[in-house]
1. Quick check on this structure: which one of Lys260, Lys287 is modelled with pLDDT under 95 and open to solvent by 80 Å² or more (accessible area, probe 1.4 Å)?
2. When only residues in region 101-120 that are over 18 Å from Leu165 (Cα atoms) and either part of a helix (DSSP H, G or I) or out of contact with any strand residue (DSSP E or B) (no Cβ under 9 Å at 6 or more places or on another chain) (or both) count, which is modelled with the lowest pLDDT?
3. Which of (1) open to solvent by 10 Å² or more (accessible area, probe 1.4 Å); (2) within 25 Å of Thr110 (Cα to Cα); (3) hydroxyl-bearing (Ser, Thr, Tyr) is the odd one out, the single condition Thr42 does not satisfy?
4. Exactly one condition in (1) closer than 30 Å to Leu241 by Cβ; (2) open to solvent by less than 40 Å² (accessible area, probe 1.4 Å); (3) of a type outside the set (Ser, Thr, Tyr) is false for Val122; which is it?
5. Return the residues of region 198-236 that are within 18 Å of the chain's Cα centre (by Cα) and assigned to a helix (DSSP H, G or I); say none if nothing qualifies.
6. Can you confirm whether region 175-197 contains a residue that is open to solvent by less than 70 Å² (accessible area, probe 1.4 Å), of a type in the set (Ser, Thr, Tyr) and not in a loop (DSSP other than H, G, I, E, B)?
7. Taking the condition hydroxyl-bearing (Ser, Thr, Tyr) and closer than 23 Å to Lys80 by Cα, does Ser138 pass?
8. Can you spot a residue in region 2-9 that is surrounded by 21 or more Cβ atoms within 10 Å (Cβ to Cβ) and among the β-branched types (Val, Ile, Thr)?
Amino acid sequence: MPGLLSAVTLLGAGTQGTRLAFMWSRLGKPVYLVDKNPAQLTQAKREIDVLRKSAVAGPPSQWGDIICAPANELSTSVAKSWLVVECVPESLGLKRSILQQLGDRAGPDTIIASNSSSYDIVEIMRGLEVNHPENFVSLHSYWPPETPAIEIMGSTQTPSETISLLMQQTKAHGFDPFHVKRPSTGYIYNRIWAAIKRESLLTLSEGVATPAEIDGIFKSVLKTPKGPCEQMDVVGLDVVLDIEKHYAELRPGLPEEPRKLLQEMIRKGQLGVKSGTGFFEHGDGGKRE
């Protein structure tokens, strides 16, 4: 790791920040978990303890310390970290603001990463002025440890040594790393998943099949536990729409029907699991069309 720095800082103690803290503490190194909400930090610490007790491969000889820190102590944690990862909500403005703050605080030996699923590091950094732009990368994870895939994407300024270091360290900490070799909105997996979502929505809008039929044939052929409609319900149809709008801005010519279908469902309050109804009903613990 660069210089004498051994810690990792995670900014945001939500679901992703919590699970990443578990992963990055596996080899005994300290992890700073930073959040402005003290209650969120307390909850995150409890969830990390649960993850450690249920670790499939068994606990290591020594877990790294989880150091919960308020947002006003960010400079202290960044100064001790070789890697800083932002895990804040998926807002381009917010992420730009956070990365600017991190760039102002970090030294030349600290890698700064965004966990964004929608925006690549080039898009987030556009217009920002930082001291070491070559140290900024995308580091997108899914649902660790159950889904250990992590996508590593730099920019034209990122040294190959930085990518190699991240590939090595993520693998050592239990991730399954993949190098995204060129800037790509949606990285690798989400680009493919976006096409599946979009075509499923188009199929629905044309009246070709129902959500249950689409999910049924999808699971029958690919042997997946969830179909695309159920998965969109879990993500939230409002979130799915925001992502679709972003793709449409970048790639003119995408069909409008999927977005129109989502807009109509959202207008009716059908957001998926979080509202109790979407493509399926979720309020009674069951699932029906």
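The values are calculated or read from the model by the stated rules, or taken from the named source; none is laboratory data. Because the structure is a prediction, the values reported are computed rather than measured. Here the Cβ positions follow ideal geometry from the backbone for every residue, glycine too, while neighbour counts run over all protein chains shown. Protein only, heavy atoms only, side chains kept; ligands, DNA and RNA dropped before computing areas. Shrake-Rupley method; radii C 1.70, N 1.55, O 1.52, S 1.80 Å.
1. Working: Lys260 fails: modelled with pLDDT under 95.
Within the list Lys260, Lys287, the selection yields Lys287.
2. Ser118
3. (2)
4. The number of the failed condition is (2).
5. Gln231, Met232, Asp233, Val234, Val235 - these are the residues of region 198-236 that are within 18 Å of the chain's Cα centre (by Cα) and assigned to a helix (DSSP H, G or I).
6. no
7. Yes.
8. For region 2-9, residues surrounded by 21 or more Cβ atoms within 10 Å (Cβ to Cβ) and among the β-branched types (Val, Ile, Thr): present.
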